[in-house]
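J.: I'd like to ask some things about the structure below.
The values are calculated or read from the model by the stated rules, or taken from the named source; none is laboratory data. Please read these numbers as outputs of a predicted model, since none were measured by experiment. All Cβ positions, glycine included, derive from the backbone under ideal geometry; neighbour counts span all protein chains shown. These accessible areas exclude ligands, DNA and RNA; they are computed on the full protein's heavy atoms, side chains included. Shrake-Rupley method; radii C 1.70, N 1.55, O 1.52, S 1.80 Å.
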Amino acid sequence: MSYLEYAVKTTPSGFRKVFYLNWPLALLLTAVASVGFLQLYSVAGGSFSPWAEPQMKRFAIGLLAMFIVAMVPVWFWRNVSGVAYGLSLLLLVFVEFFGSVGMGAQRWIDLGFMRLQPSELMKIALVMFLAAYYDWLPLRKVSHPVFVMIPVIIILVPTFLVLKQPDLGTAILLLTGGGAVMFLAGVHWAYFVSVIAGAVGLVWAVFQSRGTDWQLIKDYQFRRIDTFLDPSMDPLGAGYHITQSKIALGSGGWTGRGYMQGTQSRLNFLPEKHTDFIFTTLAEEFGFIGSVSLLALYALVMVFCISSAMTNQNRYAALLTLGIATTFFLFLAVNMSMVMGLAPVVGVPLPLVSYGGSAMLVLMLAFGLVQSAHVHKPR
Amino acid sequence: MSRKPRDSQGSTRKVTRRAALVGGLQLGFMGILAARMRHLQVDQADQFRLLAEENRINMRLIPPARGEIFDRNGLPIARNEPAYRITIVREDAGDVEAVIARLARLIPLDPADIDRAMSEMKRSAPFLPITLAERVSWEDVSKIAVNTPALPGITPDVGLSRYYPLQKDFAHVVGYVGPVSDYDLSKIEDPDQLLRIPRFQIGKVGLEAKMEEQLRGSAGTRRVEVNAVGRVMRELDRREGEPGANIQLTTDVMLQNYVQARLGDESAAAVVIDTTNGDLLAVGSAPSFDPNLFVRGISVSDYRALTQNDHRPLAAKSVQGIYPPGSTFKMVVALAGLEAGLITPDDTFWCGGYLEVSNRRFHCWKRGGHGHMNVTGGLRESCDVFFYELASRVGIEKISAMANRMGLGIRHDLPLSAVAAGLTPTRAWKREVHGQDWLIGDTVNASIGQGYVLASPLQLAVMTARIATGRNVTPRLIKSIDGVEQPSGSGESLGLNPRHLSVVQGGMYEVSNSRKGTGYGARIIAEDMRMAGKSGTSQVRNITAAERAAGVTSNEDLPWERRDHALWVDFAPFDDPKVAVAVVVEHGSGGSSVAAPIARDITLQALFQGDPPLDAYPAKDRDRIAEQQERLRALRPDLSSEAKSRA
C-alpha cells in the first residue's frame, strides 16, 4: 500500500489535522505523566528538583515532538522505517564498540542536551520496520518459512546486540514486542507454539547450565532469578530490592499513607525510587486506590490505541499502532510485575512515570507515530 | 473508500481479530496485576505495615545514671560527674583535616587520638559522630563553644562519668568502674543490652563490682525514626530509665581518711568496727592508689608501678590479706579452755622459758620464763608457755570451734572483692589437705596464732568486737540502699559464760593498762576511754638453727620482707565498748611497738570522731602526738565544698 492509495478527500490535510488528533489519548498520556511528576516531587522530599522539574520539561518537549510527528503523514514514516531501523542498528553497534571502550560501560550516546540510548530508539524502529515489512509483504506469503525467517533475523540482530550490553530487560522487550507484531501480522499459530515450546526448553537448558563450563547467563542474573523466586533468602543482599518494594506496596493498604508520608520512600528504604521503583512510592502513598487508578489510566491508553488500530484500514498504520501499544504494555507489565515480586528485577522503567529522558522522549515520539496513524486514517 | 487494495479487506480483518486477542490478553494481564496489588495492599496490608514500621523505627538505649555512694553521714564517696568529649561529624565538617587543625590550635589534642579518629571516620557513615577527645575540661569546651562558626561538625558531647572525690581513701572499699570489656561480657550470662553501649561503665572491683546490679539501674529507651542507612531522622518518643540505687555505707569519711593517712606508706591494714551494731567505720589498706586512674584508663607505666611495688598497693589487705594472728589468737585459746572447763581463772601453769613437747622445745618469747602464770597474766604478758600448756590440754578441735564462734575461719558476707576466709585448722582439714596426721606440735604452734592459723584484719576486728560484747557481732558495710536501712549486725548473745568473758576482757585490759602489760606503752590514760588490747607478732619464717647459733634474732638485722608481722587488736572504752580495732603492719617487727601506737591513735580518733584531746595520751607522748596530728590534718579532704554542693 502506498500513499497513492489514499483518497486525498478522505484524509485531513493542513491545519485541519489538529481536529483529527486522538485528543483523548494525548490527555491520557498527560495524565499518566502527571502522576510521574507528582511522585517525583514527593520522592525528592517535596521539591521540584532534582527530578520533577527536568521531567516536566522533557515531557513538554516530548509532547511537542509528538504533535510534530503526528502532523507528518504516516506514509512518510512508513517510507523511512527501514532508515530508522538501520540507523538504530548502527548506533547500537556504535555503542557496542565505542561506547564500551570510549565511555566505560555506558549504553548511551551524549547528544549534549540529552543522553540517547540507541536501545530505546530500537524498540520503536523495530516495530516500524516490522510493520513496514508486513505492509509490503503480500498477505498470502506471511506464513511462508522464508518470509518468516526475515523478520526473525530483523528482531534477533538488535536483541543480540542489546543482550551483549548486557541489558536483559530491553532484550526481552525487543523480542516480545517484535514477536507480537509478527503475531498481529497474521503469522501462522504453529510458529508461535513451536517457539514457545523452544523457549521453555531453553529456560530448562539455562538452569541446567548453572555452574558448568558452558553457563549461559551471568552469575548475577542467576542470583536475580534466585532472589525473585525466594526474596527472603537474602533480605539484605540481592533480595533487598524486592523485599523493600513489597513492604512499601503492602504497607499502602487501601488508601495509602498519605501524599509524601510514605516512610519506605522518604527514609530511602526503596531502591531506585525515582526510576524503576517509582510505582512502589505511588502505591505506598496512595494505596490500592491510587495504584489501581494508574493501572486504569494505562488500560485506557491501551484501549484507545487498540481501538484506533482496529478502525484503521491501513495495514501499516494498524500494525504500527498495535506494535507500539504492545511495547508500551510490555514496559508497564514487566515493571509492575517486577516491583510486585512477580518477575525478577530487570531494569525496565515504568513508561512515562519513571524519571529518565531517553525513554520518555522515545515513547512520546512513538505516540506521535500512533497519532499520525490516527490522523491520517482513511475515512 | 473509493479504492481498496487487493487484500486490504482480508488483512484488516485478520489484524482486527488478532488485535482483539492481543488486546484482550494485555487487559487480562492488567487484571492479574490489579489482583496481585489487591493481595499485597489489602489482604496483607497489616503484615507489610508492620514490616515498614520495623524498618523505620529503631530503639536506642539511654544509659541510666549510676547510683552514687555516700558515707554514713551522707558525704559523697563515689559520684557521677559530667564528662565532656569532643566529637566530629564528617559530613558537617566538610574539610575534616582543616577543621581538626583549627581545633588543635584551640585545645590540646593527642595526635594518636586524631589518627584513630581519622581511620574510624573512613570506615563509618558520614553522619556518625566520631570521638576526637575525651575528658575535655570545661574551659576547653567553652573555648569550642565560642569558636563554633569556625569549627563546623565539631560538637561537645556530655555524658556522666564516675568520680571518686576522696581519691586514695576508698580505693580498696569502693573499688572502681571501667568500660565494659569483652571479658566482662563473656562472664555474664545473658548480658543487659546496656552493657553494649560504647564506653558504658561497669563496676570492676570492690563494692562497685559486687553491688553492680543495684548501682547500675535500668536503661531508658528512645524510639527514633531512622532511614535506610541508619541516620536518625527524628525522635518519636522517649522513656527515661531508672537510675541506679544510691548506697550509703557505714564508713565514716573522716575516720577512713585518718586511717589511711595514719597507715601512711606502711604495708598495712586497719579495720574499725562499731561493737554495738557491727558497722564498719573504717576499712583501711595501705599503700593505696587513686581509683580515678582506672576510670580514665590507666597508663601502662602507672599500672606497672602499682603491680611491681612490693607493698602491693592494689591488694585490699584488710579483707583479702590473711596473716598468722600471732598472740592476738590467745584470747580464743583462753576462752576455749575456760568454756571447756579445763582450767579455772585461777589455775596456773609454770613457764620456765620453754615447753618440751614430743622431744621438741617450744620457746616462750621470754627466754628467762614467766614463772607461775594464770589466764590473766598469760594474756597480760603474752606468755607463750601458758598457752602451749593450755592448748595441749584443750586440743585443736575445741580451739578451732571457738575461733569460728569468734568470726575467724569464716568468710564474712561483705560486698567486697575476694573476702578471705582465713583458716582455723582441724585434724580432718590437715588430713584432707596435707594428707598427714595432726601432731601435738601443730596444736602448740596454733596456740600462739602460728602454724596453720590464718586470719584477716577484718576477722581480727570482728573477733575483738565479739570478745568485747559477748554477742555475735557481724560486720556490716552497707547502711542503706536507696534509703532502705539494711539489717544491723549487733547479733545475738554468743552464750559464753560472762565470768569467762570478763576474765579475758580483764586480761586484755591489763595488756594495755598494767605496767607489766605488753601494750602499756601505747595506753590511753583518759579515764572513760581506757582501752583493752592485745599485741601480736607473727613470724613469717622459721628461725633456722644456724640463725639461732649465729644469734640473728633481731628483726632489724633482717631484710624487710622477712621481718615479723606486727599485729594489734583492741576495744574501747573498756567499761562500755563502742569500737573494736585491728591493725596489721606487714613486716612491722613488733606488735606492741609498731601496731599498738597506730591502733591507739585510730581508736581515739574513732571515739572522739575527730582529733582527740592530747591529755588522752600519756604525758611523754603528747609532743609527738601533737606534731603528728598537725601533719595528718593537712591530708584531710576538704569536704566543705562537697557539703555545699549537696545542700
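J.: Considering only residues that are small (Gly, Ala, Ser) and over 15 Å from the mean Cα position of the chain (by Cα), which ones fall in segment A:362-378? Explain how you work it out, then say what you get.
T.: Restricting attention to segment A:362-378, the residues satisfying the condition of being small (Gly, Ala, Ser) are A:366, A:368, A:372-373.
Of everything in segment A:362-378, those that are small (Gly, Ala, Ser) and over 15 Å from the mean Cα position of the chain (by Cα) turn out to be A:Ser372, A:Ala373.
J.: Another one. With the condition being among the hydroxyl-bearing types (Ser, Thr, Tyr), away from chain B (no Cβ under 12 Å) and open to solvent by less than 20 Å² (accessible area, probe 1.4 Å), I'd like the helices (runs of 4 or more DSSP H) fully within segment A:253-360 carrying at least 1 qualifying residues. Before the answer, list the steps.
T.: Working: elements: A:263-266, A:278-310, A:315-339.
Fully inside segment A:253-360 and qualifying: A:278-310.
J.: State all residues of segment B:361-375 that are part of a strand (DSSP E or B) and open to solvent by 100 Å² or more (accessible area, probe 1.4 Å); if no residue qualifies, say none. Walk me through how you get there before you give the answer.
T.: Of the residues in segment B:361-375, the ones part of a strand (DSSP E or B) are B:361-363, B:371-373.
Scanning segment B:361-375 gives B:Arg361, B:His372.
J.: Now a separate question. If the requirement is being in contact (Cβ under 8 Å) with a residue 12 or more places away in the chain, crowded, with 16+ Cβ neighbours inside 10 Å, closer than 25 Å to B:Glu208 by Cα and among the charged types (D, E, K, R), which of these qualifies: B:Arg466, B:Arg476, B:Arg405, B:Arg471? Write out each step before concluding.
T.: Values: B:Arg466 fails: closer than 25 Å to B:Glu208 by Cα; B:Arg405 fails: closer than 25 Å to B:Glu208 by Cα; B:Arg471 fails: closer than 25 Å to B:Glu208 by Cα.
Exactly one of B:Arg466, B:Arg476, B:Arg405, B:Arg471 is in contact (Cβ under 8 Å) with a residue 12 or more places away in the chain, crowded, with 16+ Cβ neighbours inside 10 Å, closer than 25 Å to B:Glu208 by Cα and among the charged types (D, E, K, R), namely B:Arg476.
J.: Quick one: A:Pro378 ticks every box in (1) within 11 Å of another protein chain (Cβ to nearest Cβ); (2) buried (at least 23 other Cβ atoms within 10 Å of the Cβ) bar one, so which box is it?
T.: Unmet condition: (2).
J.: Mind telling me which of the residues B:Arg123, B:Arg66, B:Arg49, B:Arg102 ends up being touching a residue at least 40 places away in the same chain (Cβ under 8 Å), on the phi < 0 side of the Ramachandran plot and open to solvent by 70 Å² or more (accessible area, probe 1.4 Å)? Can you show your working first?
T.: Numbers: B:Arg123 fails: touching a residue at least 40 places away in the same chain (Cβ under 8 Å); B:Arg66 fails: open to solvent by 70 Å² or more (accessible area, probe 1.4 Å); B:Arg49 fails: touching a residue at least 40 places away in the same chain (Cβ under 8 Å).
One residue alone meets the criteria, B:Arg102.
J.: Test B:Pro498 against the criterion of being out of contact with any Ser or Thr (no Cβ under 8 Å at 6 or more places or on another chain) and crowded, with 24+ Cβ neighbours inside 10 Å, and give yes or no. First the steps, then the outcome.
T.: Details: out of contact with any Ser or Thr (no Cβ under 8 Å at 6 or more places or on another chain): yes; crowded, with 24+ Cβ neighbours inside 10 Å: no.
Here the answer is no, as B:Pro498 does not meet what is asked.
J.: Being in contact (Cβ under 8 Å) with a residue 24 or more places away in the chain, of a type outside the set (S, T, N, Q) and over 21 Å from A:Val334 (Cα atoms) narrows it down to one residue among A:Gly198, A:Gly211, A:Gly177, A:Gly186; which is it? Outline the logic, then answer.
T.: Working: A:Gly198 fails: in contact (Cβ under 8 Å) with a residue 24 or more places away in the chain; A:Gly211 fails: in contact (Cβ under 8 Å) with a residue 24 or more places away in the chain; A:Gly177 fails: over 21 Å from A:Val334 (Cα atoms).
The unique qualifying residue is A:Gly186.
J.: Something else: Which members of segment B:3-26 meet the condition of being modelled with pLDDT of 85 or more, surrounded by 15 or more Cβ atoms within 10 Å (Cβ to Cβ) and of a type outside the set (Lys, Arg)?
T.: Residues satisfying the conditions are B:Ala19, B:Val22, B:Gly23, B:Gln26.
J.: Report, by residue number, each residue of segment B:127-154 that is buried (at least 17 other Cβ atoms within 10 Å of the Cβ), closer than 17 Å to B:Pro198 by Cβ and not hydrophobic (A, V, I, L, M, F, W, C).
T.: B:Pro129, B:Glu134
J.: Specify the residue that is surrounded by the most Cβ atoms within 10 Å (Cβ to Cβ); the eligible residues are those in segment B:585-610 that are out of contact with any strand residue (DSSP E or B) (no Cβ under 7 Å at 6 or more places or on another chain) and within 17 Å of B:Leu255 (Cα to Cα). Before the answer, list the steps.
T.: So the first thing to find is which residues in segment B:585-610 are out of contact with any strand residue (DSSP E or B) (no Cβ under 7 Å at 6 or more places or on another chain), and the list is B:593, B:597, B:600-601, B:604-605, B:608-610.
Next, from what is left, pick out any that are within 17 Å of B:Leu255 (Cα to Cα): B:597, B:600-601, B:604-605, B:608-610.
Numbers: B:Pro597: 21, B:Arg600: 28, B:Asp601: 24, B:Leu604: 24, B:Gln605: 26, B:Phe608: 13, B:Gln609: 12, B:Gly610: 13.
For segment B:585-610, the residue satisfying everything is B:Arg600.
Yes/no per residue for (1) open to solvent by less than 60 Å² (accessible area, probe 1.4 Å); (2) among the aliphatic types (A, V, I, L, M):
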residue: B:Arg196; (1), (2): no, no
residue: B:Lys204; (1), (2): no, no
residue: B:Glu212; (1), (2): yes, no
residue: B:Gly217; (1), (2): yes, no
residue: B:Arg222; (1), (2): no, no
residue: B:Glu225; (1), (2): yes, no
residue: B:Ala228; (1), (2): yes, yes
residue: B:Arg234; (1), (2): no, no
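J.: Look at segment A:330-348 and say how many of its residues are touching a residue at least 60 places away in the same chain (Cβ under 8 Å) and within 21 Å of A:Phe222 (Cα to Cα).
T.: Going residue by residue through segment A:330-348, those that are touching a residue at least 60 places away in the same chain (Cβ under 8 Å) are A:330-331, A:334, A:338-341, A:343-348.
After this cut, where a residue has to be within 21 Å of A:Phe222 (Cα to Cα) as well, the list is A:334, A:338-341, A:343-348.
Residues flagged as touching a residue at least 60 places away in the same chain (Cβ under 8 Å) and within 21 Å of A:Phe222 (Cα to Cα) within segment A:330-348 amount to 11.
J.: Let me ask something additional. Considering B:Gly94, B:Gly67, which residue is away from chain A (no Cβ under 14 Å), more than 30 Å from B:Thr221 (Cβ to Cβ) and not basic (Lys, Arg)? Spell out the reasoning first.
T.: On the way: B:Gly67 fails: more than 30 Å from B:Thr221 (Cβ to Cβ).
Exactly one of B:Gly94, B:Gly67 is away from chain A (no Cβ under 14 Å), more than 30 Å from B:Thr221 (Cβ to Cβ) and not basic (Lys, Arg), namely B:Gly94.
J.: Only one of these is farther than 25 Å from B:Leu414 by Cα and either surrounded by 24 or more Cβ atoms within 10 Å (Cβ to Cβ) or over 20 Å from the mean Cα position of the chain (by Cα) (or both): B:Ser301, B:Ser318. Name it. Walk me through how you get there before you give the answer.
T.: On the way: B:Ser318 fails: farther than 25 Å from B:Leu414 by Cα.
B:Ser301 is the lone residue from the list that is farther than 25 Å from B:Leu414 by Cα and either surrounded by 24 or more Cβ atoms within 10 Å (Cβ to Cβ) or over 20 Å from the mean Cα position of the chain (by Cα) (or both).
J.: Could you list, in sequence order, the residues of segment A:39-53 that are surrounded by 14 or more Cβ atoms within 10 Å (Cβ to Cβ) and either closer than 19 Å to A:Asn268 by Cβ or within 17 Å of the chain's Cα centre (by Cα) (or both)?
T.: First, the residues of segment A:39-53 that are surrounded by 14 or more Cβ atoms within 10 Å (Cβ to Cβ): A:39-44, A:48, A:51-53.
Across segment A:39-53, the qualifying residues are A:Gln39, A:Leu40, A:Tyr41, A:Ser42, A:Val43, A:Ala44, A:Trp51, A:Ala52.
J.: Something else: Considering only residues of segment B:14-46 that are more than 7 Å from chain A (Cβ to nearest Cβ) and under 30 Å from A:Gln261 (Cα atoms), which is nearest to the chain's Cα centre (by Cα)?
T.: Within segment B:14-46, the match that is nearest to the chain's Cα centre (by Cα) is B:Asp46.
J.: I would also like to ask the following. Looking at segment A:176-196, which of its residues are in a helix (DSSP H, G or I), out of contact with any Lys or Arg (no Cβ under 9 Å at 6 or more places or on another chain) and buried (at least 20 other Cβ atoms within 10 Å of the Cβ)?
T.: From segment A:176-196, those in a helix (DSSP H, G or I) are A:176-185, A:189-196; that's our starting set.
Now drop any that are not out of contact with any Lys or Arg (no Cβ under 9 Å at 6 or more places or on another chain), which leaves A:176, A:178-182, A:189-196.
Correct list: A:Gly178, A:Gly179, A:Ala180, A:Val181, A:Met182.
J.: Name the residue that is surrounded by the fewest Cβ atoms within 10 Å (Cβ to Cβ), counting only residues in segment B:331-360 that are in contact (Cβ under 8 Å) with a residue 40 or more places away in the chain and in a strand (DSSP E or B).
T.: The first filter runs over segment B:331-360 and keeps only residues in contact (Cβ under 8 Å) with a residue 40 or more places away in the chain, leaving B:331-340, B:342-343, B:345, B:349, B:355, B:357-358, B:360.
Still in the list and also in a strand (DSSP E or B): B:349, B:355, B:357, B:360.
Numbers: B:Phe349: 22, B:Leu355: 21, B:Val357: 17, B:Arg360: 12.
Looking at residues that are in contact (Cβ under 8 Å) with a residue 40 or more places away in the chain and in a strand (DSSP E or B), I get B:Arg360.
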